1. Please give the contour-minus-distance gain from ARG208 to LYS93: 0.36 nm per residue of separation, less the Cα-Cα distance, rounded to one decimal in nm.
2. Return the distance in nm (one decimal) between the two label points of a simple spin-label model at ILE76 and GLN195, each offset 7 Å from Cα along Cα→Cβ.
3. Given a Förster distance of 45 Å, report the FRET efficiency between LYS228 and ALA41 from their Cβ-Cβ distance, rounded to the nearest 0.05.
4. Using a cut-off of 24 Å between alpha-carbon atoms, which lysines can reach LYS257, once sequence neighbours fewer than 8 places away in the same chain are excluded?
5. Taking chymotrypsin sites (Phe, Trp or Tyr not before Pro) as candidate sites, keep only those in a DSSP loop with at most 15 other Cβ atoms within 10 Å, then name the longest stretch of the chain containing none of them.
6. Using the Karplus equation 6.51 cos²θ - 1.76 cosθ + 1.60 (θ = phi - 60°), what ³J(HN,Hα) coupling, rounded to whole Hz, does each residue of region 247-253 give in order, writing x for Gly and Pro?
7. Using each residue's phi in region 180-185, evaluate 6.51 cos²θ - 1.76 cosθ + 1.60 at θ = phi - 60° and report the 3J(HN,Hα) Karplus result to the nearest Hz, with x for Gly and Pro.
8. Would you pull out the residues with amide H under 5 Å of ASP102's amide H, same chain only if 5 or more places away, H placed 1.01 Å from N?
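The values are calculated or read from the model by the stated rules, or taken from the named source; none is laboratory data. Remember, predicted model here, so these are calculated numbers, not experimental data. For neighbour counting, all protein chains shown are included, and Cβ atoms are generated from backbone atoms with ideal geometry for every residue, glycine included. In case anyone asks, the SASA skips ligands and DNA or RNA and just uses the protein heavy atoms, side chains included. Shrake-Rupley method; radii C 1.70, N 1.55, O 1.52, S 1.80 Å.
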Amino acid sequence: MAALIKSAYKAYIYLFRDLTDKRSDDFFLMGSVWFPLSILAIYLYFVLSLGPRLMKNRPPLQLNGVIKTYNIVQIICSIYITERALTLGWATKYKWICEPVDYSDTYEAYVVLRAVHSYFLLKMFDLLDTIFFVLRKKDRQISFLHIYHHGGVFFGSWVITKFLPGGHGTFIGCINSFVHIIMYSYYFITLTWPQYKNKIWWKKYLTRLQMLQFLLVTIHAAPILFMKDCTYPKVIAALMVFQYSFMFVLFLDFYKKTYLKKSV
């Protein structure tokens, strides 16, 4: 048993100390993997257990003002991340087939690192979506898809920031932030002017757009698996292909149940 514990500890040190990008050690929540894991555990405990129990005998909270502000902040932050992703890489110098991570200490590499870290912080901010559902007793919206998506993207963005802050894997940050600009704009409009909720024709196309983003990122990551001269880790590319393919299937199932069955 002692030997097993020692081996596990060595593996932990190798993975979360030796292999990590040391440039982000002093960034907020980047000093240890236990920071995001603790946040994720608290998030899951609240939305799956504590929150519903606290709200069981209470009326739904009226949070319209808070959520409107939240939506505006999301739109602004998503515009910022999209601009950073485009101007620092995907609309300027990044190669679409294989883009390695720049681990240098240059100013350009540091700015990219900061932008990737900002995306991680925004994904932590996204967790409030579920908190609001719990407090407003919107139980139907707290689905496996919703929790898996938010929790997975949050922890995945920490991993990218800590190990691969830049390069090929940042494409999801670019396209995801663009999708969120549209999505939170829709939420803000329908919350501020409820009379337009059933008049905005593009509601179901938001789900299609989310499906499209996962399809594009899967296609974008897949070629790395077959390229011998690409230095971007094939293991990470394989995980991306699996994860985003799975997300596409989940969103497709949600789309069928929500929109196609209603039209039958």
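1. Details: separation 115, 0.36 × 115 = 41.40 nm, distance 2.91 nm.
Extra length available between ARG208 and LYS93 comes to 38.5 nm.
2. With each label point 7 Å from Cα toward Cβ, the separation is 2.9 nm.
3. On the way: r = 40 Å, r/R0 = 0.89.
E(calc), rounded to 0.05, equals 0.65.
4. Within the straight-line limit of under 24 Å, LYS257 reaches these lysines: LYS137, LYS138, LYS197, LYS199, LYS203, LYS204.
5. On the way: sites that count: PHE28, TRP96, TYR103, TRP201, TRP202.
Between exposed loop sites, the widest span is 104-200.
6. 4, 4, 5, 5, 5, 5, 5
7. For region 180-185, the Karplus-derived couplings read 5, 4, 5, 5, 6, 5 Hz, x marking Gly and Pro.
8. Result for ASP102 returns GLY167.
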